[in-house]
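Q: Got a structure here, written out as structure tokens. Questions coming.
The values are calculated or read from the model by the stated rules, or taken from the named source; none is laboratory data. Just so we're clear, the structure is a prediction, and the values are computed from it rather than from any experiment. Methodologically, a virtual Cβ is constructed for each residue, glycine included, from the backbone with ideal geometry; neighbour enumeration extends over all protein chains shown.
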Amino acid sequence: MPAQALTRQRLHALRAALPETVDLLHRRRAAQIPPDHVDDYVALDWLKWDGGTLRLTITGANIHRQMLDLVDA
């Protein structure tokens, strides 16, 4: 699904789940990320596949940092 087709509600849910997703990536538990989240994160360019490994993109890192700033505020 193209990123433009995501609903506002879905985008909000993905943003809210991003900190947990990043934690799973850091703990090498990418298999625990729901597959539909992975597809949407890749479509949004928040995650990318790199040699069979799922990685956070610069865009994803910026969104993640924004989410952490909201929690700390």
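Q: Output the qualifying pairs, or none if there are none: Cβ atoms under 8 angstrom, residues six or more apart or on different chains, first residue in region 5-34 and more than 19 Å from A61 (Cα to Cα) and touching a residue at least 12 places away in the same chain (Cβ under 8 Å), second residue assigned to a loop (DSSP other than H, G, I, E, B) and of a type outside the set (S, T, N, Q).
A: That search, which allows pairs on different chains as well, returns L6/L44.
Q: Hey, which of the helices (runs of 4 or more DSSP H) in the chain, taking only ones fully inside, have at least 2 residues that are touching a His at 6+ places or on another chain (Cβ under 8 Å), of a type in the set (A, V, I, L, M) and modelled with pLDDT of 95 or more?
A: In the chain, the matching helices (runs of 4 or more DSSP H) lie at 8-26.
Q: Return yes or no: is L11 touching a strand residue (DSSP E or B) at 6+ places or on another chain (Cβ under 6 Å) and surrounded by 12 or more Cβ atoms within 10 Å (Cβ to Cβ)?
A: Here the answer is no, as L11 does not meet what is asked.
Q: Pick from region 34-54 the residues that are farther than 20 Å from T7 by Cβ and either surrounded by 13 or more Cβ atoms within 10 Å (Cβ to Cβ) or acidic (D, E) (or both): which of them is farthest from the chain's Cα centre (by Cα)?
A: Filtering first and then ranking leaves D50.
Q: Among the residues of region 45-64, write down those that are closer than 16 Å to E20 by Cβ, free of Cβ contacts under 8 Å to residues at least 40 places away in the same chain and of a type in the set (A, V, I, L, M).
A: If the condition is that a residue be closer than 16 Å to E20 by Cβ, free of Cβ contacts under 8 Å to residues at least 40 places away in the same chain and of a type in the set (A, V, I, L, M), then L47, L54, L56, A61 are the ones that fit.
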